[in-house]
Amino acid sequence: MHKLIGILSLTVDHLFEFIRFVQFSNGFSLNSSDKLRGKIVFRYHSIEKGLINDPIRYRFGKIKIQKLLRYLSLWVERKYSTSDSQFLTACSVVKSYMDLHIINNIDISDIINEKENCLIDSFSGKQKGGTIQIQAKNYFNLALASFDQFSSSRRSVRHFNGQMVDVETIGKVIQLAGNAPSVCNRQGYKVKLINNPILAGEILKIQGGLNSTANTVRQLIIVSVDRSVFVSSAEWYEVFIDGGIYLQNLLYSLHFYRIAAVALNWTKHFFLDKKIEKLIGFPKQEKIIAIVAIGYPVDSFKIPFSQRKKVNETLDIIN
Ligand SMILES: Cc1cc2nc3c(=O)[nH]c(=O)nc-3n(C[C@H](O)[C@H](O)[C@H](O)COP(=O)(O)O)c2cc1C
């Protein structure tokens, strides 16, 4: 009997989450500032990523820029706060895109019109947004510093120099990452090191989130969580919580051992899970949380450089 109740509650809980997701994610409507901000961040981040490409592809992302500009105009039209950190950051990112083309004498008047130009000029420069150049020799300088400095110094690196990380060092990383807390210490997290550059390339093609620099990646880590450690139907999403906590600790552990990394999303439809199962015999009992590209950085590389949300945009105090 209690198995039947478990299956019923699993179904209802999924349905509840399904309804909340349709109501409140920004994929189905844009009827609030929170949803519009979500779209704006999504769009400006893809422009930032285009700006770090080396060599740069001029006039990239025409449609993405135009969508972003539509959202920014809508933000102003609806009189949402123009001191919002993410609205201002988006304007600065577009300004970096415009400056790149002005400096190189490339016409983008078909991408950004006069009115949008004025909007960007009014609100850009009030928050950071764009890219910064990093020298590999300095990148890990704070790897042994106090936590506040260490944490601020970790960034996603997407340009690798081709040198492989040895398996012994990966072992040390995994040892350290295992300090991650997990529900009742269940430790459901699992790691697969893809140590074959050709296979890594095939997996990256399926993942699809690292187009321009994917060819510099030679090793991947697949982070997953084994569903077999969970006892009750209410725990179905603990998979993602424990997996997310482990992923963050893994990223820090890689940074500590001076290995560059970028997490790559695995919010994919089921048929891509099936592709990975077929390609590498990935166990069906495990849920992939993310894929992490790892390696050593090229001598000089760019990273996106945008303003994070302010404390008062994150923290609500409830007395
Ligand atoms: C779960 C997860 C999935 C991500 N997926 C991608 C991805 O598919 N492609 C990519 O270039 N970056 C990806 N990133 C990296 C984020 O873009 C990056 O963490 C974010 O912009 C913050 O930058 P930072 O890591 O340098 O602090 C992902 C990060 C996380 C945590």
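In a reduced charge model with +1 at each Lys and Arg Cβ and -1 at each Asp and Glu Cβ, the chain shows a dipole moment near 360 debye about its Cα centre.
Heavy-atom accessible area for residue 258, with the other protein chains in place and a 1.4 Å probe, reaches approximately 110 Å².
Among residues other than residue 83 whose Cβ falls under 11 Å from its Cβ, what is the net charge (Lys/Arg +1, Asp/Glu -1)? Net charge around residue 83: 0.
Pairing the Cα long axis of helix 85-103 with the longest principal axis of the chain, what angle in degrees results, from 0 to 90 and rounded to the nearest 10? Once rounded, one gets 60 degrees. Figure note: 266, 236 ranked by solvent-accessible area, largest first, 1.4 Å probe, ligands and nucleic acids not counted: 236, 266. Between residue 150 and residue 45, the distance separating the two model label sites (each 7 Å from Cα on the Cα→Cβ line) works out to 2.5 nm. If R0 is taken as 30 Å, the Cβ-Cβ distance between residue 122 and residue 199 corresponds to a FRET efficiency of 0.05.
Using a probe of 1.4 Å on the protein chains alone, the accessible area found for residue 269 is around 130 Å².
For region 1-78, the dipole from Cβ point charges (+1 on Lys and Arg, -1 on Asp and Glu) about the Cα centre works out to 420 debye, to the nearest 20. Going through the cross-link list 35/79; 3/278; 79/309; 49/275, which pairs have a Cα-Cα distance over 24 Å in this structure? The pairs that break the limit, which is 24 Å between Cα atoms, are 3/278; 49/275. Annotation for residue 20 and residue 105: the two label points, set 7 Å from Cα along the Cα-Cβ direction, are 5.7 nm apart. Across the protein chains, with a 1.4 Å probe defining accessible surface, the residues 114, 286 rank 114, 286 from largest area downward.
Using only alpha carbons, the chain has a radius of gyration to Kirkwood radius ratio (Rg to Rh) of 0.98. Each residue of region 305-319 was assigned a 3J(HN,Hα) from its phi angle through the Karplus curve 6.51 cos²θ - 1.76 cosθ + 1.60 (θ = phi - 60°); the sequence is 9, 10, 6, 6, 4, 6, 4, 6, 8, 10, 9, 10, 9, 10, 9 Hz, with glycine and proline shown as x. As I understand it, the dipole of the chain uses +1 on the Cβ of Lys and Arg and -1 on the Cβ of Asp and Glu, about the Cα centre. Which of 63, 301, 12 lies farthest toward its positive end? Checking the options against the dipole of the chain, the answer is 63. Under 5 Å between amide hydrogens, built in the peptide plane, is the criterion, and for residue 310 it picks out 85 among residues at least 5 positions away or on other chains. Figure note: 84, 107 ranked by solvent-accessible area, largest first, 1.4 Å probe, ligands and nucleic acids not counted: 107, 84.
For the Cα trace of region 1-92, dividing Rg by the Kirkwood Rh returns an Rg/Rh value of 1.21. Each Lys and Arg adds +1 at its Cβ and each Asp and Glu adds -1 at its Cβ; summed about the Cα centre, region 131-230 shows a dipole of about 140 debye. Relative contact order of the chain: 23 percent, from C-alpha pairs under 8 Å at least 6 residues apart in sequence.
The values are calculated or read from the model by the stated rules, or taken from the named source; none is laboratory data. What you see is a predicted model, and the numbers here were worked out from it, not measured in a lab. Counting neighbours? That spans all protein chains shown, and the Cβs are built from the backbone with ideal geometry, glycine included. Ligands, DNA and RNA are stripped out before the accessible areas are found, and what is left, the full protein with its side chains, is counted by its heavy atoms. Shrake-Rupley method; radii C 1.70, N 1.55, O 1.52, S 1.80 Å.
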